[in-house]
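Undergrad: Starting off with a structure, shown below.
The values are calculated or read from the model by the stated rules, or taken from the named source; none is laboratory data. These numbers were taken from a predicted model, which means no experiment stands behind them. Methodologically, a virtual Cβ is constructed for each residue, glycine included, from the backbone with ideal geometry; neighbour enumeration extends over all protein chains shown. Side chains are part of the model used for accessible areas, which takes the heavy atoms of the whole protein and leaves out ligands, DNA and RNA. Shrake-Rupley method; radii C 1.70, N 1.55, O 1.52, S 1.80 Å.
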Amino acid sequence: QVQLVESGGGMVQPGGSLRLSCAASGTIFSSATTGWYRQTPGKQRELVATITSGGTTNYADAVKGRFTISRDNAKNTVYLQMSSLQSEDAAVYYCNAKFVWGTYWGQGTQVTVSS
């Protein structure tokens, strides 16, 4: 069974940085397109960033230049480095992995941006 476990969330002041990690188990991670999504109460889950098995990245306009997605296939882990965090970035962040046979989600990690 595929499991994705996020970590690294927390509270940070505006302008600060956080790095989220998502560790996968139960599968070979390298073939998946992986990504990060976020959701705030009352809103739909939205794309933050994705990275393909070949390393091609895609970012939401709101985070371009501030967030960086990367992956370490040897560790079955995908990362999201977040810098210059703003109050609008506060959300629950979810890891996602899309395989040919299915899509999987992590349980989410809370990011709070507050002074």
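Undergrad: Counting residues that are open to solvent by 40 Å² or more (accessible area, probe 1.4 Å) and without any contact (Cβ under 8 Å) to a residue 40 or more places away in the chain, which strands (runs of 3 or more DSSP E) fully inside the stretch 44-115 reach at least 2? Steps first, please.
TA: On the way: elements: 46-51, 57-59, 67-72, 77-82, 91-99, 102-105, 109-113.
Hits in the stretch 44-115: 46-51, 57-59, 67-72.
Undergrad: What number of residues in the stretch 72-87 are modelled with pLDDT of 95 or more and among the charged types (D, E, K, R)?
TA: Selection size over the stretch 72-87: 0.
Undergrad: Which count do you get for residues in the stretch 1-40 that are farther than 15 Å from residue 95 by Cβ and either at pLDDT 95 or above or assigned to a strand (DSSP E or B) (or both)? Steps first, answer last, please.
TA: Quick first cut of the stretch 1-40, residues farther than 15 Å from residue 95 by Cβ only: 1, 10-17, 28, 30-31, 40.
Checking which are either at pLDDT 95 or above or assigned to a strand (DSSP E or B) (or both) leaves us with 10-17, 40.
Total meeting the criteria: 9.
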